[in-house]
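What follows is one structure encoded as C-alpha cells, with my remarks underneath.
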Amino acid sequence: MPIDVQLQAIQYMAAMQAPQTGDAPADPAYAKQIADRLAAVGQPDVISSGRLIDIAMARGCDATLPRESIARRTGASLTTLLANGVLVVRCRDHQLQCLQSTRDADDVLCVHK
C-alpha cells in the first residue's frame, strides 16, 4: 500500500476513536460488561477507558464481525454503545483488523496488517 494511503488509514482510525463534542463520557464498567459478553468470539479487551472494545482472534475477522458480534452476543445496538461512550469495536487477527464505528453502522474500516 502506498505510504500516503497508509497514513490516511492511520489518521482515519485515530479519528474514529477520538471523542467529539456531544459524545457521552466513557463508561469503562459498561464497556467491560459488553467485552465480557464477547469472550465467545475472541479475547476482548477494553481500551482507552471504554472508548474502544478490541476483539483479538486467531482468525475470522472481517468487516461484518464487530457489528454482528455486538448484536448476537450482547443484545446491544451500536447506538446504545455510543450512548455509553464506546466509539469503536475492533476485531483483529493475524491478517486483518476491522474497526466498526458506533456513530455510523456503515462506517467500517478494514486494513491488512
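Derivation of every value follows stated rules applied to the coordinates shown; laboratory data play no part. All values derive from a computational prediction rather than experimental measurement.
Taking N as the number of residues in the range 31-85, what value does Rg over Cα atoms divided by 2.2 N^0.38 Å take?
Working: Rg = 10.4 Å, N = 55, 2.2 N^0.38 = 10.1 Å.
So the Cα radius of gyration is 1.03 times the expected 2.2 N^0.38 Å.
Report the antiparallel proportion of the DSSP beta bridges in the range 3-112 as a percent, rounded to a multiple of 5. Show your work: numbers first, answer last.
Numbers: 15 of 20 bridges.
About 75 percent, rounded to the nearest 5.
Extension gain for residue 4 to residue 105 (0.36 nm times residue separation, less C-alpha to C-alpha distance): 33.7 nm.
Comparing Cα centroids, the range 1-46 and the range 65-113 end up 8 angstrom apart.
Size descriptors for the chain: radius of gyration and Dmax over Cα atoms are 13.2, 40 Å. Helix-only arithmetic for the chain: the sum of -39500 (n - 2.57) across DSSP H runs with n ≥ 4, divided by the residue total, places the mean residue ellipticity at 222 nm at -9000 deg cm²/dmol.
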